[in-house]
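Chemist: Mind looking over this structure? Questions follow.
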Amino acid sequence: QVHLVESGGGVVQAGGSLRLSCAAFGSIRSNNDMNWYRQAPGKQRELVASKSSRGNKNYADSLKERFTISRDNAKNTVYLQMNSLKPEDTGVYYCKVRDSYMNTWGKGTLVTVSS
């Protein structure tokens, strides 16, 4: 069984930066995707970015200029660097790891961007 531990959320002023981390513990197949989603208050959860174990990246179009996903495969950890944060980036950020046998979500970390 895999479980995920997210960290790095907090309160930041508009224009600031945060770096989120998500460490995966348990048995994960070598071919996998590590993803970040977010859910703003009153809105549906949306994909922020994903990166496969083979290095393929995918971003939400509106975020690709400010957010960067990276991962350390040896540590089974994925990161999300968020720059030039805006109040509309406020929400709970969730990590998700998927391989051919499982699809596991973290509990989320809250990001609050003040204006």
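The values are calculated or read from the model by the stated rules, or taken from the named source; none is laboratory data. Just so we're clear, the structure is a prediction, and the values are computed from it rather than from any experiment. In this analysis, Cβ positions are derived from the backbone assuming ideal geometry, glycine residues included, and neighbour counts consider all displayed protein chains. Heavy atoms of the whole protein, side chains included, go into the accessibility calculation; ligands, DNA and RNA do not. Shrake-Rupley method; radii C 1.70, N 1.55, O 1.52, S 1.80 Å.
Chemist: Would you mind getting the Kirkwood hydrodynamic radius of the chain from its Cα pairs, rounded to one decimal in Å? Can you show the working numbers first?
Modeler: Values: mean 1/r = 0.0712 Å⁻¹.
Hydrodynamic radius (Kirkwood, Cα pairs) of the chain is 14.1 Å.
Chemist: Once Lys and Arg get +1 and Asp and Glu get -1 on their Cβ, which of 14, 50, 82 lies farthest toward the positive end of the dipole of the chain?
Modeler: Positive-most Cα among the choices belongs to 50.
Chemist: Then there is this: Please give the net charge around residue 87, taking every other residue with its beta carbon less than 14 angstrom from that of residue 87, where Lys and Arg add +1 and Asp and Glu add -1.
Modeler: Numbers: positive: 38, 43, 66, 86; negative: 88, 89.
Counting the neighbours of residue 87, the net charge comes to +2.
Chemist: Okay, next question. With +1 on each Lys and Arg Cβ and -1 on each Asp and Glu Cβ, and nothing else charged, work out how big the dipole of region 32-79 is about its Cα centre, in Debye to the nearest 20.
Modeler: Working: 10 positive and 5 negative charges, 12 e Å.
The calculated dipole for region 32-79 is roughly 60 debye.
Chemist: State the Cα centre-to-centre distance between region 68-115 and region 1-23 in whole Å.
Modeler: Answer, in whole Å: 6.
Chemist: Given a 1.4 angstrom probe, I'd like the percentage of the accessible area of the chain that is carbon and sulfur, rounded to a whole number. Let's see the in-between values first.
Modeler: Values: 2800 of 6370 Å².
Summing carbon and sulfur atoms, their accessible area is 44 percent of the total for the chain.
Chemist: I'd like to check one number: the per residue accessible area of the chain, probe 1.4 Å, reported in Å² as a whole number. It would help to have the intermediate numbers written out before the result.
Modeler: Numbers: 6370 Å² over 115 residues.
On a per-residue basis, the chain sits at 55 Å².
Chemist: Moving on to the next point. For 18, 80, write out the residues from largest to smallest accessible area, computed with a 1.4 angstrom probe and no ligands counted. Walk me through the numbers on the way to the answer.
Modeler: On the way: 18 30, 80 0 Å².
Correct descending sequence by accessible area is 18, 80.
Chemist: Express in nm, to one decimal, how much length is gained between residue 110 and residue 17 on full extension, taking 0.36 nm for each residue of separation and deducting their alpha carbon distance.
Modeler: Numbers: separation 93, 0.36 × 93 = 33.48 nm, distance 1.39 nm.
Net length gain for the segment: 32.1 nm.
Chemist: Let me ask something else about it. Tell me which of 36, 115, 2 sits at the most positive position along the dipole axis of the chain, charges placed on C-beta atoms (Lys, Arg +1; Asp, Glu -1).
Modeler: Final value for the positive-end residue is 2.
Chemist: Could you state the per residue volume, in Å³, of the convex hull enclosing the Cα atoms of region 19-78?
Modeler: On the way: hull volume 6.2 nm³, N = 60.
Measuring per residue, one finds 104 Å³ for the Cα hull of region 19-78.
Chemist: Evaluate the charge dipole of region 14-115 about its Cα centre and quote only its size in Debye, nearest 20, assuming +1 on the Cβ of each Lys and Arg and -1 on the Cβ of each Asp and Glu. Let's see the in-between values first.
Modeler: Values: 16 positive and 8 negative charges, 39 e Å.
Charge dipole, region 14-115, about its Cα centre: 180 debye, nearest 20.
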